[in-house]
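**Student:** The structure follows.
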Amino acid sequence: MREKKYLYGRKYLLFIYQKVNEMKKNRFKHCLLILLVLAFSSSVAAQDQQFTVEQLVAKADEAIDKDDYKEAAKWTRMAAEKGDPSSQEFLSTLLENGDEEFGVGKNEDEALMWLTKAAEAGSTSAQMTLARKYKEGKMVAQSYEDAIRWYEKAAKKNKNAIVCLKEIYEKMGSQSDAAGLYNLGKLLLDEKAYQEAEKYFLMSAEKGNTDAMNRLGLLHTNKKEFQEAIKWYRMAAEKGHASAMCNLAYNYEKGNGVAKNGQEAIKWYRMAAEKGHASAMCNLAYNYEKGNGVAKNGQEAIKWYRMAAEKGRELAMYRLGKMYAEGNGVEKNAQEAIKWYRMAAEKGYDLAMYRLGKMYAEGNGVEKNAQEAIKWYRMAAEKGYDLAMYSLGEMYAEGNGVAKNGQEAIKWYRMAAEKGRELAMCNLGEMYAEGNGVEKNAQEAIKWYRMAVEKGAYLAMYRLGEMYYLRGLTKRGLPDDKKELNGEVVDFDKDDGLNSFAEAQKWFNKTIETCDRISEDATTIPTAKMAAVIGKGNAEMYLEIVKKAIDRGK
């Protein structure tokens, strides 16, 4: 309604203008002319504001379908002015050569303006066209530098841009820019064209580009050509490249391509850390924590972990949380540990998710909350962390914070076991032995126990011994080949029981030997102390019974 009234006002102004023109009052006429122009411009602007970009584009398409090209040009311009890249690019095409059918005159300057706007708005086709214009010197002065800039932007979505970039650099030859050669190398690397990438990195490095030197080091590291990698890392590091310093330090720490030297590693880590390199800070902290190449110093470790954590390094957040949880280099503080674990977990770090879940499960520094524990265990497990899978399996097996579900427990134990987690193998064996969440299957139980034993799980040794011991008892007490024990049909073929007892004795002996070798440090392994006590105690008890059974059978 307001627009309609405004148009009535414009007609009234036209009427006054006609009267004034008749009176030839030029000064007053000039003032009214300005008012009329403003009124008309405002009317067009108001009309433009009535439509969204999508509606303007649709109207242009509709006009083209009706062969009303001038009307299409009008709507296209309106859409272009509202920022639509495709309309801007189309308008540029019309203006470049002019088009009578669309009622658009030739205007290369305006064509360049609209093409640039479309390219800046992210239109890949506009970026390619603009790059080609600069490369060929059409509509603009030839500029390889500008052509390269636009081809590099387009290369993220159009692989033909990489081909065009290579053509330009071949033409430029020795005049090629070091940074541009490096960028082309990165684009080729993204395409897994490693040999070509290395070629351009080498050309860039020879022009003094330290980023390219470091990249060459990484490429040679991936090919296990450590000495060549060290050469490039050192060249970049000596020129002050922080990442190269960190990479050089790592190779000294591990002895890759150079004699292992903890002190030299510390030197380069420190130099990189002092330049603000977060990974170097984290590695320096770890070496202080463990006393590698430097005297063990928990407080110094805390300092560097904190600096790396403040730069957003999630590994540092996790290590910092662990040091607070253990009271290493700082007074033990479960709340502070939870704070750092949570920060790392929220950044997607799986170990921190697991640790946070464990804190909730144990009520350590926070109110005990099994549901919250399961939440974090699940998140870590879904990221592939095997200990979280194992813990989640335990929660389902015990019905802790979730409905007891043997099948779900089996699922998570199996996933953890297949990743090599021996405790999961052991528990999976137990589930099969007891028929919990799965049909009882002694052979499958023995299979998983044996796999756990191969990884040194002494609890699995004890359980294997127990299974063979029970089999021996069954055979000695029940002479038939097939008898039932607690609902399980046991088939010992022609075994008179003595073979089973002998196998049990073997595994009980292994349990005792293994437990005797356990040091105090081994208690950090989950359930190690409990397994040592229960396993060793029961094994000794069963061993005496087994020996007597064997003696009776002789």
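The values are calculated or read from the model by the stated rules, or taken from the named source; none is laboratory data. As the structure is a computational prediction, the values presented were derived from the model and not from experiment. Cβ: placed from backbone, ideal geometry, glycine included. Neighbour counts: every protein chain shown.
Residue-wise test of (1) farther than 24 Å from residue 329 by Cβ; (2) touching a strand residue (DSSP E or B) at 6+ places or on another chain (Cβ under 9 Å); (3) surrounded by fewer than 21 Cβ atoms within 10 Å (Cβ to Cβ).
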| residue | (1), (2), (3) |
| --- | --- |
| 217 | yes, no, no |
| 232 | yes, no, no |
| 236 | yes, no, no |
| 240 | yes, no, yes |
| 245 | yes, no, no |
| 288 | no, no, no |
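**Student:** Another question about this same structure. Of all residues being hydrophobic (A, V, I, L, M, F, W, C) and in a helix (DSSP H, G or I) in the range 137-163, which is nearest to residue 176 (Cα to Cα)? Just the residue, please.
**Tutor:** Result: 148.
**Student:** So is residue 278 modelled with pLDDT of 95 or more, surrounded by 24 or more Cβ atoms within 10 Å (Cβ to Cβ) and touching a helix residue (DSSP H, G or I) at 6+ places or on another chain (Cβ under 9 Å) or not?
**Tutor:** no
**Student:** Identify all residues within the range 157-208 that are at positive phi and either crowded, with 16+ Cβ neighbours inside 10 Å or in contact with a helix residue (DSSP H, G or I) (Cβ under 8 Å, 6 or more places away or on another chain) (or both); write none if there are none.
**Tutor:** Within the range 157-208, 208 is the sole residue that qualifies.
**Student:** Please pick out the residue among 349, 377, 360, 354 that is more than 22 Å from residue 400 (Cα to Cα) and at pLDDT 95 or above.
**Tutor:** 349
**Student:** Among the residues of the range 176-183, are any modelled with pLDDT under 95, of a type in the set (A, V, I, L, M, F, W, C) and touching a Lys or Arg at 6+ places or on another chain (Cβ under 6 Å)?
**Tutor:** yes
**Student:** Determine which member of the set 261, 251, 292, 297 is of a type outside the set (A, V, I, L, M) and surrounded by 20 or more Cβ atoms within 10 Å (Cβ to Cβ).
**Tutor:** 251
**Student:** Would you confirm, using the coordinates I've provided, whether residue 219 is modelled with pLDDT under 95 and part of a helix (DSSP H, G or I)?
**Tutor:** Spelling it out, it is not the case that residue 219 is modelled with pLDDT under 95 and part of a helix (DSSP H, G or I).
**Student:** Residue 272 - would you say it is out of contact with any Asp or Glu (no Cβ under 7 Å at 6 or more places or on another chain), at pLDDT 95 or above, crowded, with 24+ Cβ neighbours inside 10 Å and closer than 30 Å to residue 174 by Cα?
**Tutor:** no
**Student:** Here's another thing I want to ask about it. Somewhere in the range 314-333, is a residue over 16 Å from residue 351 (Cβ atoms), polar (S, T, N, Q) and assigned to a helix (DSSP H, G or I)?
**Tutor:** No: zero hits.
**Student:** Which residue, of 388, 433, is farther than 20 Å from residue 460 by Cβ, of a type in the set (A, V, I, L, M) and out of contact with any Asp or Glu (no Cβ under 6 Å at 6 or more places or on another chain)?
**Tutor:** 388
**Student:** Looking only at helices (runs of 4 or more DSSP H) that lie completely in the range 416-531, which have at least 1 residues being at pLDDT below 85?
**Tutor:** Of the helices (runs of 4 or more DSSP H) lying wholly inside the range 416-531, those with at least 1 residues that are at pLDDT below 85 span 458-477, 498-517.
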